[in-house]
Amino acid sequence: MQRILKICFFLLLLNAGVVSGQAHLRVNTIINWPDTVYDGQILPLGATVENIGTSAYTGPLQIILRTDSNIFSYIYYNQTTIFTINPGDTLSFFPPGGYLFDGSVFRPGNNVVVVWPHSSQTLIVDTAIFATFFISNQSIGLDDPSKIPGLSIYPNPANEIAQIWSPEIRLESVRIINSMGQEIKNENVGSTFKTTLDLTELPAGLYILEIIGSGIHRSTFRLMKQD
(Lines give C-alpha, C1' and ligand atoms only; values in the text may rest on other atoms or scores of the structure.)
Protein backbone atom coordinates (compact mmCIF):
# COMPACT_ATOMS: atom_id res chain seq x y z
CA MET A 1 0.00 0.00 0.00
CA GLN A 2 2.80 2.41 0.91
CA ARG A 3 4.53 1.65 -2.40
CA ILE A 4 1.34 2.51 -4.31
CA LEU A 5 0.99 5.78 -2.37
CA LYS A 6 4.60 6.75 -3.16
CA ILE A 7 4.07 6.07 -6.88
CA CYS A 8 0.88 8.13 -6.86
CA PHE A 9 2.63 10.99 -5.06
CA PHE A 10 5.47 10.95 -7.63
CA LEU A 11 2.98 11.04 -10.51
CA LEU A 12 1.21 14.01 -8.93
CA LEU A 13 4.52 15.88 -8.64
CA LEU A 14 5.35 15.06 -12.24
CA ASN A 15 1.99 16.31 -13.50
CA ALA A 16 2.39 19.45 -11.41
CA GLY A 17 5.78 20.15 -13.00
CA VAL A 18 7.73 19.79 -9.75
CA VAL A 19 9.71 16.84 -11.13
CA SER A 20 10.94 17.67 -14.61
CA GLY A 21 13.84 16.98 -16.94
CA GLN A 22 16.34 19.48 -18.22
CA ALA A 23 18.11 20.00 -21.52
CA HIS A 24 21.85 19.34 -21.42
CA LEU A 25 23.74 20.48 -24.53
CA ARG A 26 27.31 19.92 -25.62
CA VAL A 27 29.38 20.45 -28.76
CA ASN A 28 30.71 17.04 -29.71
CA THR A 29 32.20 17.90 -33.12
CA ILE A 30 33.56 20.92 -34.97
CA ILE A 31 33.30 20.15 -38.69
CA ASN A 32 36.34 21.24 -40.75
CA TRP A 33 38.35 22.28 -37.68
CA PRO A 34 41.96 22.93 -38.86
CA ASP A 35 45.21 21.77 -37.25
CA THR A 36 46.88 24.84 -38.77
CA VAL A 37 45.23 28.02 -40.05
CA TYR A 38 46.39 31.34 -41.55
CA ASP A 39 45.41 34.85 -40.53
CA GLY A 40 42.40 35.95 -42.60
CA GLN A 41 41.50 32.44 -43.72
CA ILE A 42 37.75 31.69 -43.94
CA LEU A 43 36.64 28.09 -43.40
CA PRO A 44 33.15 26.52 -43.58
CA LEU A 45 33.15 25.44 -39.94
CA GLY A 46 30.19 23.63 -38.48
CA ALA A 47 29.37 22.86 -34.86
CA THR A 48 27.42 19.70 -34.03
CA VAL A 49 25.42 20.08 -30.82
CA GLU A 50 24.08 17.07 -28.93
CA ASN A 51 21.34 17.00 -26.29
CA ILE A 52 22.39 14.52 -23.58
CA GLY A 53 19.71 15.71 -21.16
CA THR A 54 16.29 14.32 -20.34
CA SER A 55 14.23 17.16 -21.80
CA ALA A 56 14.00 18.71 -25.26
CA TYR A 57 15.60 22.09 -25.94
CA THR A 58 13.54 24.59 -27.92
CA GLY A 59 14.75 28.11 -28.62
CA PRO A 60 17.50 30.16 -30.30
CA LEU A 61 21.11 29.04 -29.88
CA GLN A 62 24.59 30.49 -30.31
CA ILE A 63 27.94 28.69 -30.45
CA ILE A 64 30.68 30.54 -28.55
CA LEU A 65 34.41 30.15 -29.09
CA ARG A 66 37.08 31.32 -26.66
CA THR A 67 40.84 31.05 -27.15
CA ASP A 68 43.40 30.78 -24.38
CA SER A 69 44.00 34.52 -24.79
CA ASN A 70 40.52 34.88 -23.18
CA ILE A 71 39.02 36.45 -26.31
CA PHE A 72 35.44 35.49 -27.21
CA SER A 73 34.05 34.94 -30.69
CA TYR A 74 31.00 33.30 -32.26
CA ILE A 75 31.11 30.31 -34.57
CA TYR A 76 27.35 30.70 -34.97
CA TYR A 77 25.14 33.63 -33.90
CA ASN A 78 21.36 33.77 -34.28
CA GLN A 79 18.87 35.10 -31.73
CA THR A 80 15.69 34.72 -33.78
CA THR A 81 15.61 31.22 -35.27
CA ILE A 82 13.94 28.63 -33.02
CA PHE A 83 15.59 25.21 -32.91
CA THR A 84 14.40 22.00 -31.27
CA ILE A 85 16.89 19.35 -30.12
CA ASN A 86 15.28 16.33 -28.50
CA PRO A 87 17.12 14.12 -25.97
CA GLY A 88 19.66 11.96 -27.80
CA ASP A 89 19.48 14.04 -31.00
CA THR A 90 22.12 16.24 -32.63
CA LEU A 91 21.91 19.36 -34.77
CA SER A 92 24.65 21.04 -36.82
CA PHE A 93 25.12 24.82 -37.08
CA PHE A 94 27.02 26.50 -39.92
CA PRO A 95 27.84 30.23 -39.98
CA PRO A 96 26.69 31.94 -43.18
CA GLY A 97 29.77 32.70 -45.24
CA GLY A 98 32.07 30.60 -43.05
CA TYR A 99 34.15 31.49 -39.99
CA LEU A 100 36.97 34.06 -40.21
CA PHE A 101 40.21 33.28 -38.36
CA ASP A 102 41.80 36.59 -37.47
CA GLY A 103 44.51 37.95 -35.21
CA SER A 104 42.09 39.74 -32.89
CA VAL A 105 40.95 36.36 -31.56
CA PHE A 106 43.88 33.99 -32.14
CA ARG A 107 47.45 34.55 -31.06
CA PRO A 108 50.45 33.48 -33.20
CA GLY A 109 51.40 29.88 -32.51
CA ASN A 110 49.38 27.25 -30.72
CA ASN A 111 45.89 28.12 -29.47
CA VAL A 112 43.77 26.03 -27.13
CA VAL A 113 40.16 26.76 -28.04
CA VAL A 114 37.08 26.16 -25.89
CA VAL A 115 33.67 25.90 -27.59
CA TRP A 116 30.20 25.64 -26.07
CA PRO A 117 26.52 26.28 -26.91
CA HIS A 118 24.82 29.30 -25.35
CA SER A 119 21.20 30.25 -24.79
CA SER A 120 19.30 32.83 -22.78
CA GLN A 121 17.23 29.95 -21.44
CA THR A 122 18.15 27.85 -18.42
CA LEU A 123 19.98 24.70 -19.44
CA ILE A 124 23.15 22.72 -18.72
CA VAL A 125 26.04 23.02 -21.19
CA ASP A 126 29.41 21.26 -21.53
CA THR A 127 32.53 22.76 -23.08
CA ALA A 128 34.64 21.06 -25.75
CA ILE A 129 38.35 21.66 -26.29
CA PHE A 130 40.19 21.91 -29.61
CA ALA A 131 43.62 23.14 -30.68
CA THR A 132 44.96 24.91 -33.75
CA PHE A 133 48.22 26.51 -34.80
CA PHE A 134 47.62 30.09 -35.96
CA ILE A 135 50.03 31.63 -38.45
CA SER A 136 49.78 35.41 -38.39
CA ASN A 137 50.67 37.69 -41.28
CA GLN A 138 54.00 38.38 -39.55
CA SER A 139 54.86 34.67 -39.36
CA ILE A 140 53.86 33.56 -42.88
CA GLY A 141 56.68 31.53 -44.36
CA LEU A 142 57.72 29.86 -41.10
CA ASP A 143 57.62 26.09 -40.99
CA ASP A 144 54.51 24.53 -39.49
CA PRO A 145 55.11 22.61 -36.24
CA SER A 146 55.54 18.86 -36.17
CA LYS A 147 54.28 16.53 -33.45
CA ILE A 148 56.84 15.17 -31.01
CA PRO A 149 57.41 11.55 -32.10
CA GLY A 150 56.91 8.82 -29.50
CA LEU A 151 55.80 11.24 -26.78
CA SER A 152 54.04 9.60 -23.82
CA ILE A 153 52.43 10.77 -20.56
CA TYR A 154 51.85 8.46 -17.62
CA PRO A 155 49.92 7.78 -15.56
CA ASN A 156 46.80 9.20 -17.18
CA PRO A 157 44.54 9.70 -15.26
CA ALA A 158 47.02 10.98 -12.69
CA ASN A 159 46.82 11.93 -9.01
CA GLU A 160 49.81 13.91 -7.71
CA ILE A 161 52.40 13.65 -10.50
CA ALA A 162 52.62 12.82 -14.19
CA GLN A 163 55.71 11.82 -16.15
CA ILE A 164 56.38 13.09 -19.68
CA TRP A 165 58.79 11.03 -21.77
CA SER A 166 60.15 11.89 -25.22
CA PRO A 167 62.47 9.25 -26.71
CA GLU A 168 63.78 11.38 -29.61
CA ILE A 169 63.14 15.11 -29.17
CA ARG A 170 64.30 17.13 -26.16
CA LEU A 171 61.53 18.82 -24.19
CA GLU A 172 61.69 22.57 -23.59
CA SER A 173 58.43 23.72 -21.95
CA VAL A 174 55.00 22.55 -20.81
CA ARG A 175 51.80 24.59 -20.56
CA ILE A 176 48.84 23.36 -18.51
CA ILE A 177 45.43 24.70 -19.60
CA ASN A 178 42.12 23.99 -17.89
CA SER A 179 38.80 23.06 -19.51
CA MET A 180 37.85 26.75 -19.87
CA GLY A 181 40.98 27.54 -21.89
CA GLN A 182 42.78 29.34 -19.04
CA GLU A 183 46.50 28.85 -18.61
CA ILE A 184 47.24 27.32 -15.19
CA LYS A 185 50.97 26.84 -15.48
CA ASN A 186 53.74 27.50 -18.01
CA GLU A 187 56.91 25.69 -17.00
CA ASN A 188 60.32 25.75 -18.65
CA VAL A 189 61.77 22.26 -18.26
CA GLY A 190 65.17 23.03 -19.78
CA SER A 191 66.39 20.61 -22.41
CA THR A 192 65.56 17.08 -21.33
CA PHE A 193 63.95 13.88 -22.59
CA LYS A 194 61.96 13.29 -19.40
CA THR A 195 60.22 15.60 -16.96
CA THR A 196 57.82 15.34 -14.01
CA LEU A 197 54.71 17.49 -13.57
CA ASP A 198 53.56 18.33 -10.03
CA LEU A 199 49.75 18.18 -10.04
CA THR A 200 49.12 18.34 -6.29
CA GLU A 201 47.69 21.88 -6.35
CA LEU A 202 45.37 21.29 -9.30
CA PRO A 203 41.70 20.46 -8.68
CA ALA A 204 40.35 17.29 -10.24
CA GLY A 205 39.27 17.69 -13.86
CA LEU A 206 40.35 17.63 -17.49
CA TYR A 207 43.42 19.58 -18.59
CA ILE A 208 45.24 20.19 -21.86
CA LEU A 209 49.02 19.91 -21.93
CA GLU A 210 50.86 21.84 -24.64
CA ILE A 211 54.34 20.35 -24.86
CA ILE A 212 57.05 22.19 -26.78
CA GLY A 213 60.09 20.31 -28.04
CA SER A 214 63.30 21.47 -29.64
CA GLY A 215 63.16 22.77 -33.18
CA ILE A 216 59.59 23.21 -34.42
CA HIS A 217 58.04 20.32 -32.50
CA ARG A 218 54.93 20.57 -30.34
CA SER A 219 52.18 18.23 -29.16
CA THR A 220 48.96 18.56 -27.18
CA PHE A 221 47.61 15.95 -24.78
CA ARG A 222 44.48 15.58 -22.68
CA LEU A 223 45.28 14.78 -19.03
CA MET A 224 42.72 13.76 -16.44
CA LYS A 225 43.56 14.81 -12.86
CA GLN A 226 41.98 12.73 -10.09
CA ASP A 227 41.62 13.48 -6.37
Exercise. Taking the residues in the range 202-227 that are under 24 Å from Ile135 (Cβ atoms) and assigned to a loop (DSSP other than H, G, I, E, B) as candidates, determine which candidate is modelled with the highest pLDDT.
Key: Ser214
Quiz item: Going through the range 127-148 one residue at a time, which ones are touching an Asp or Glu at 6+ places or on another chain (Cβ under 9 Å) and either part of a strand (DSSP E or B) or at pLDDT 90 or above (or both)?
Solution: Ala131, Thr132, Phe133, Phe134, Ile135
Exercise. Any chance you could count how many residues in the range 40-58 are among the small types (Gly, Ala, Ser), part of a loop (DSSP other than H, G, I, E, B) and under 19 Å from Phe106 (Cβ atoms)?
Key: 1
Quiz item: When the range 157-200 is examined, which residues are found to be among the acidic types (Asp, Glu), under 25 Å from the mean Cα position of the chain (by Cα) and under 13 Å from Gly213 (Cβ atoms)?
Solution: Glu172
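Return the only residue of Ser120, Ser152, Ser166, Ser173 being modelled with pLDDT under 90 and not aliphatic (A, V, I, L, M).
Ser120
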Quiz item: Any residue in the range 96-108 that is under 20 Å from Trp33 (Cα atoms), modelled with pLDDT of 95 or more, in contact with a Phe, Trp or Tyr (Cβ under 7 Å, 6 or more places away or on another chain) and not β-branched (Val, Ile, Thr)?
Solution: no
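Can you pull out every residue in the range 59-70 that is more than 18 Å from Phe94 (Cα to Cα) and assigned to a strand (DSSP E or B)?
Thr67
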Exercise. Please enumerate the residues belonging to the range 106-118 that are of a type outside the set (D, E, K, R) and surrounded by fewer than 18 Cβ atoms within 10 Å (Cβ to Cβ).
Key: Pro108, Gly109, His118
Practice problem: Any residue in the range 193-207 that's touching a residue at least 60 places away in the same chain (Cβ under 8 Å): show its pairings with residues that are β-branched (Val, Ile, Thr) and surrounded by 13 or more Cβ atoms within 10 Å (Cβ to Cβ) at Cβ separation under 8 Å, as long as the two are six or more apart or on different chains. | Solution: Leu206/Ile129
Self-check item: Close pairs (7 angstrom Cβ cut-off, 6 or more residues apart or separate chains): outside any strand (DSSP E or B) in the range 85-103, at pLDDT below 90 and of a type in the set (D, E, K, R) anywhere
Solution: Phe101/Asp39; Asp102/Asp39; Gly103/Asp39
Self-check item: Condition met for Ala162 (loosely packed, with under 13 Cβ neighbours inside 10 Å, out of contact with any Cys (no Cβ under 7 Å at 6 or more places or on another chain) and not aromatic (Phe, Trp, Tyr))
Solution: no
Self-check item: In the range 145-161, the residues that are of a type outside the set (D, E, K, R) and over 17 Å from Ile216 (Cβ atoms)
Solution: Ser152, Ile153, Tyr154, Pro155, Asn156, Pro157, Ala158, Asn159, Ile161
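Within the range 181-201, how many residues turn out to be in a loop (DSSP other than H, G, I, E, B) and more than 19 Å from Pro157 (Cα to Cα)?
3
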Quiz item: Can we say Gln121 is surrounded by fewer than 18 Cβ atoms within 10 Å (Cβ to Cβ) and either touching a residue at least 60 places away in the same chain (Cβ under 8 Å) or assigned by TED's automatic domain parsing to the domain that holds Asn51 (or both)?
Solution: yes
Practice problem: Kindly establish whether Pro87 is in the same structural domain as Pro34 (by TED's automatic domain parsing), more than 28 Å from Phe221 (Cα to Cα), surrounded by 13 or more Cβ atoms within 10 Å (Cβ to Cβ) and not acidic (Asp, Glu). | Solution: yes
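The values are calculated or read from the model by the stated rules, or taken from the named source; none is laboratory data. Computed from a predicted model, the values in this text were never measured in an experiment. Here the Cβ is made from the backbone with ideal geometry for all residues, glycine too, and neighbour counts use every protein chain on show.
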